[in-house]
Amino acid sequence: MHLCVAAQTENEIQGIENNIENISESVDYTTLTDQYDYYRKNPISINSATTEELASLHILSPLQIEALFEHIRTAGKLTDLYELQSIEYFDVSTVQQLLPFITLKEDENIERLKRISFLGNNQFITRIQRITEQQKGYAPDGDYVGDPLKIYSRYSYNFKNILSANITAERDAGEAFFTRNNKQGFDFYSAHLAISNIRSIKKIVVGDYEAQFGQGLAFYNGLGFGKSSEVLNISKNAQGIRPFRSANEALFLRGAATTLQFKKIQVTVFGSYQKINAAVRTVSDSTAVDNFVIQSTDLSGFYRTPAEIAKKNTLLQQIVGANAQYQLKKFKVGITGANILFPKQNNTHVDFFETGSPNSQIVAAIDYTLNMGNMYAFGELAYTTQAVAVLNGIVAGLSPKLSISLLHRYFDKNYNALYTNAFAESSKPKNENGLYTGISISPNKRWKWNTYVDVFSFPAPKYLADAPSKGTDILTQVNYAPSRTVNMYARFRNQRKQQNSSGSDVIDYLINNNRDSYRFHIEYKVSDALSMRSRAEVVNFKKEFAKTETGAMLYQDISYKVPFIDVTLDARYALFDVQSYNARIYAFEKDVLYAYSISLLQDEGVRWYILARKTITNGIDVWIRYARFTYADKTTIGNGNELIDGNTRSEVKVQLRLLF
Amino acid sequence: MQKHIVLSLFLGYSPLCAIAQTTFYARNSALAGATVALADVRSVNDNQAGLGLTTKKWITAGYITHALLPELSTQYGAFVIPLKNNVFGVDINAYGNGIYKLQRIGLAYGRSFGPISFGFRVNYHQISITEYGSEGTVSINMGAQFKLTPKTTIGSQLINPTGAAFSSIAESAQAQQIRLGVAHTFSDKLIALVEVDKTAGTDLTVLGGLEYRIIKLLALRGGFDVNTGSYYGGLGFSLLKSATIDFATRVHPVLGLSPQIDLAYEF
């Protein structure tokens with residue numbers, strides 16, 4: 001059982017990485033790692049899985065899910081997990097990614113049987129971490145109010161899939177702890193209590209939760225993915241309301257929500273009341289009374305300096321919303337409506353809705369999905385702030401070896417919904433017009449060639465582009481899995497966008513930026529205990545009329561399960577030489593359970609880490625991770641309060657988990 | 001002429017280039033012109049090597065409006081006659097309006113030798129500009145196709161390898177170009193194409209096209225040109241077994257739509 005743990009985590013890493021590569025590093029992936037961990041412990045019974053469960057893994061496309069059901073209908077239940085490889089639209093690398101999270105067992109899974117007590121499952125996790133070098137903010141005359149220790153603790157309780165409860169507490173490095181503004185202890189607390197699957201009550205959540213509907217145009221918080229090398233996975237798998245378990249300090253709701261199921265109709269209502277964090281500016285109007293103008297919400301979750309602390313809980317937010325879905329065989333239609341209100345406090349004004357009512361927003365949307373076996377269509381039409389956003393897509397298997405995806409979107413320049421997570425080039429579905437096409441060719445089960453082309457335009461000026469602009473994003477990737485233990489791919493991506501010239505000219509005009517990136521990646525299992533991963537990546541960034549900026553990175557990973565002592569070791573050694581931020585390279589790293597790391601590589605140097613996991617006794621696990629950057633030509637790292645006087649930046653992390 | 005020069009400068013778009021790239025028939029245009037490895041009657045205007053397997057006579061006529069500007073339109077027509085194993089074709093087209101005109105007539109020949117086919121075309125180009133007079137020149141195209149497997153064909157073509165040019169305006173009659181591509185038939189319904197082209201004076205480009213015959217009477221087509229970031233799309237209707245009507249358009253990120261229609265009859 002333990003021997004396959006290393007291999008399983010390899011596949012999991014690839015699953016996460018495939019999905020997240022196109023989203024920014026500021027997103028919290030805890031939700032995903034949490035979900036993967038849940039399914040690893042409670043694998044999905046593949047022969048009786050629901051579309052919802054399979055879609056929530058973010059590994060299978062709608063076509064693959066439908067093909068699996070069709071296979072079970074016609075050929076009977078699977079008797080071996082590797083039988084998946086023979087199903088239409090499935091290939092070896094997809095199956096490899098899927099294996100850790102599925103089982104043939106119909107009943108409760110092994111782990112659960114082993115551990116589930118009559119009273120349910122308890123889990124307690126605590127983690128501490130810190131940068132070992134002195135950073136400027138922590139110096140005696142530094143701005144940070146706390147010490148550099150980051151502390152995270154979480155307790156969760158599950159009783160089957162009926163009852164769950166969770167308390168999370170987090171304190172970021174530099175934040176006050178039982179002092180100053182945090183006399184109550186941690187800077188961030190989150191908790192929920194949830195009941196599921198009792199008669200018509202599909203779910204009730206009290207406390208912190210996320211709500212996500214449709215294609216993410218109108219109301220969607222939590223994780224959702226956009227463009228990736230899995231070119232057929234372009235539709236959102238909105239999961240309605242879900243308890244919030246992560247430590248992402250923004251973008252969740254606080255209050256209560258419920259989903260009720262009446263035959264073919266599912267109804268969700270939710271309400272939220274909380275103070276959120278926002279930047280406040282004081283202005284004086286003609287009556288000489290000071291007004292506080294809220295300019296933007298603050299999502300960073302860092303409250304380390306007096307200026308940052310001033311942003312905390314500055315804005316009262318009140319949300320009520322509802323969603324109804326009607327399922328008719330292969331067709332599902334939903335409507336969503338929500339009212340987001342910032343009640344007037346004293347003389348505070350909210351002005352981040354550019355049009356419409358200044359301190360409230362009503363969003364309304366209709367969405368659909370249509371599943372017809374080898375064709376899956378989806379879309380959403382949303383309205384708010386006197387503007388519309390619309391998105392429609394199709395995924396179709398034109399032959400067993402070739403599938404395509406198409407997605408068109410039009411987002412008005414004034415469309416400004418607050419909680420969104422839609423398929424878009426920009427971070428928000430706003431001021432964008434685009435057509436995405438993807439094609440996936442599998443000549444046989446071992447080879448897969450995926451390509452997408454996305455052509456988009458921004459009809460109004462946007463950040464770093466003072467005029468209407470346009471661009472393209474093209475990715476092509478060939479995957480080859482010669483056996484069950486070897487998987488490799490080669491990738492090329494080209495991104496062209498227009499940006500301000502930012503030169504010394506009087507008029508700032510648009511110029512074309514071209515970014516090419518090349519990657520080769522291979523992972524293989526040497527034995528049950530030992531597996532390796534290697535990657536080479538090169539980036540060329542060319543700003544029009546300027547020199548090409550290049551970046552290069554090489555890494556070698558090793559995963560080793562030490563025999564007899566129950567210790568798993570993971571290590572990476574990476575070399576990088578990156579000329580500029582434009583040519584930066586991101587690399588996903590292994591981390592302690594539930595945490596995630598993505599390193600941003602820039603300048604020249606070495607990045608390495610070592611991670612050890614030890615199971616002390618059944619139910620008690622410990623992780624230790626040490627990671628370090630060493631730069632070749634630097635005497636200082638970072639800037640502002642994060643500045644380190646030296647050429648290394650190291651981090652140590654320790655985590656303990658108790659299961660009882 | 002002035003209008004054309006202004007347009008050319010403004011759009012970075014040579015009228016001669018326009019005609020070189022867009023005289024594909026509507027089916028081929030809709031596939032982004034990634035058609036160097038396709039073998040059918042339309043090869044008379046594409047890779048003539050593809051003519052070799054034709055067994056029926058064929059005639060077509062069509063019209064393109066470039067960038068929705070009637071002044072920048074092309075009319076074209078062709079016929080193909082197989083004489084045993086030798087297939088001959090004539091292809092004509094005319095671009096421009098009264099002030100500026102480009103015309104071309106091409107005599108094509110293709111022949112198949114088992115899995116390998118060869119073909120060539122001899123073109124006569126004429127340019128006429130009001131108040132500047134007119135001039136003619138001769139260019140050639142040649143191509144080959146090889147059937148790698150029953151479902152996969154590779155093709156290549158050289159366009160104007162001799163660099164024939166109009167001396168009075170010092171511009172090529174037809175841009176010099178090398179094409180290399182592959183066509184794969186996934187099923188009766190589905191053909192996928194990929195092609196790499198290098199045209200003198202422009203960057204290398206990759207083209208991709210996909211044709212899906214959703215029902216017997218209707219084919220859906222799409223394609224993409226990496227270099228210009230243009231999408232292509234089109235519909236093809238098969239009527240009365242022997243007649244076809246094809247629609248296509250390019251969607252260029254700057255120039256917008258260039259719609260096209262042609263009719264063809266096989267007998």
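Using C-alpha pairs below 8 Å separated by at least 6 residues, the relative contact order for the stretch A:601-660 is 34 percent.
List the chymotrypsin sites (Phe, Trp or Tyr not before Pro) in the stretch A:488-577 that DSSP assigns to loop (not H, G, I, E or B) and whose Cβ has at most 15 other Cβ atoms within 10 Å. Which are they? Display every interim value, and only then the final one.
Details: sites: A:TYR489, A:PHE492, A:TYR509, A:TYR518, A:PHE520, A:TYR524, A:PHE541, A:PHE545, A:TYR555, A:TYR560, A:PHE564, A:TYR573, A:PHE576; in loops: A:TYR509, A:PHE545, A:PHE564.
When the chymotrypsin sites (Phe, Trp or Tyr not before Pro) of the stretch A:488-577 are filtered for loop state and at most 15 Cβ neighbours within 10 Å, A:TYR509, A:PHE545, A:PHE564 remain.
Entry note, chain A: the mean residue ellipticity at 222 nm calculated from DSSP H runs of n ≥ 4, each adding -39500 (n - 2.57), is -3000 deg cm²/dmol after division by the residues and rounding to the nearest 500. Close amide-amide hydrogen proximity is noted between A:LEU149 and A:GLY174, each under 5 Å apart and 5 or more residues distant or on a separate chain (H modeled in the peptide plane; Pro and chain starts excluded). Taking amide H as placed 1.01 Å from N in the peptide plane, the amide H of A:THR103 sits under 5 Å from that of A:ILE44, A:SER45, A:ILE46, each at least 5 places away or on another chain. Rounded to two decimals, the Cα-based Rg/Rh of chain B, with Kirkwood Rh, is 0.95. Cross-link pairs exceeding 25 Å between alpha carbons, from the set A:LYS160/A:LYS614; A:LYS525/A:LYS590; A:LYS329/A:LYS448; A:LYS202/A:LYS227; B:LYS56/B:LYS151: A:LYS160/A:LYS614; A:LYS329/A:LYS448; A:LYS202/A:LYS227. With the largest listed first and rounded to whole Å, the semi-axes of the equivalent ellipsoid of the protein assembly as shown from the Cα gyration tensor are 54, 33, 28.
Legend: residues A:THR550, A:THR451, sorted from most to least accessible area (1.4 Å probe; ligands, DNA and RNA excluded), read A:THR550, A:THR451.
Mean separation of Cα pairs under 8 Å and 6 or more residues apart, divided by the residue count, gives chain B a relative contact order of 20 percent.
For the stretch B:186-209, a decrease in accessible area of 50 Å² or greater in the assembled protein chains relative to the isolated chain, with a 1.4 Å probe, applies to B:PHE186. Using C-alpha pairs under 8 Å with a sequence gap of at least 6, the mean separation divided by the residue count of chain A gives a relative contact order of 11 percent. Kirkwood hydrodynamic radius computed over the stretch A:121-212 comes to 15.4 Å, based on all pairs of distinct alpha carbons. What the Kirkwood sum gives for the stretch A:335-484 is a hydrodynamic radius of 17.8 Å, with every pair of different alpha carbons counted.
Any idea what the alpha-carbon Rg over 2.2 N^0.38 Å comes to for the stretch A:567-660? Walk me through the numbers before you get to the answer.
Numbers: Rg = 15.7 Å, N = 94, 2.2 N^0.38 = 12.4 Å.
Rounded to two decimals, the normalised Rg is 1.27.
Here is the list for the stretch B:116-189: chymotrypsin sites (Phe, Trp or Tyr not before Pro) lying in DSSP coil, each with at most 15 other C-beta atoms within 10 angstrom of its C-beta, are B:TYR132. Computed from backbone phi, the HN-Hα couplings of the stretch A:127-133 come to 9, 10, 8, 7, 7, 7, 6 Hz, rounded to whole numbers (Karplus: 6.51 cos²θ - 1.76 cosθ + 1.60, θ = phi - 60°; Gly and Pro given as x). Heavy-atom accessible area for A:LYS332, with the other protein chains in place and a 1.4 Å probe, reaches approximately 70 Å². The C-alpha atoms of the stretch B:72-188 occupy a region whose extents along the principal axes are 55, 26, 25 Å, arranged from largest to smallest. Counting only protein heavy atoms and using a 1.4 Å probe, the accessible area of A:ILE616 comes to about 100 Å².
Computed with every protein chain present, the accessible area of B:ILE154 is close to 60 Å² [probe 1.4 Å]. Here each label is just a point 7 Å from Cα along the line to Cβ, and for A:GLN274 and B:LEU218 those points are 4.8 nm apart. 3J(HN,Hα) couplings calculated from phi for the stretch A:554-571 with the Karplus curve 6.51 cos²θ - 1.76 cosθ + 1.60 (θ = phi - 60°) are, in sequence order, 9, 9, 10, 10, 9, 10, 9, 9, 5, x, 6, 10, 6, 10, 10, 10, 10, 9 Hz; Gly and Pro show x.
Across the stretch A:397-411, rounded Karplus estimates of 3J(HN,Hα) from the backbone phi angles (6.51 cos²θ - 1.76 cosθ + 1.60, θ = phi - 60°) give x, 7, 7, x, 9, 9, 10, 10, 9, 9, 8, 10, 9, 9, 10 Hz, Gly and Pro being marked x.
Of the solvent-accessible surface of the protein assembly as shown, computed with a 1.4 Å probe over protein heavy atoms with every protein chain present, carbon and sulfur atoms account for 62 percent.
Over the residues of the stretch A:498-632, compute the C-alpha Rg and express it relative to 2.2 N^0.38 Å.
Values: Rg = 19.8 Å, N = 135, 2.2 N^0.38 = 14.2 Å.
Compactness ratio reported: 1.40.
The values are calculated or read from the model by the stated rules, or taken from the named source; none is laboratory data. Quick caveat, the model's predicted, so the values are computed rather than measured. Don't worry about glycine lacking a Cβ; one is built from the backbone with ideal geometry, like all the others, and counts go over all protein chains shown. Note: accessible area is taken over every heavy atom of the protein model, side chains too, but ligands, DNA and RNA are not part of it. Shrake-Rupley method; radii C 1.70, N 1.55, O 1.52, S 1.80 Å.
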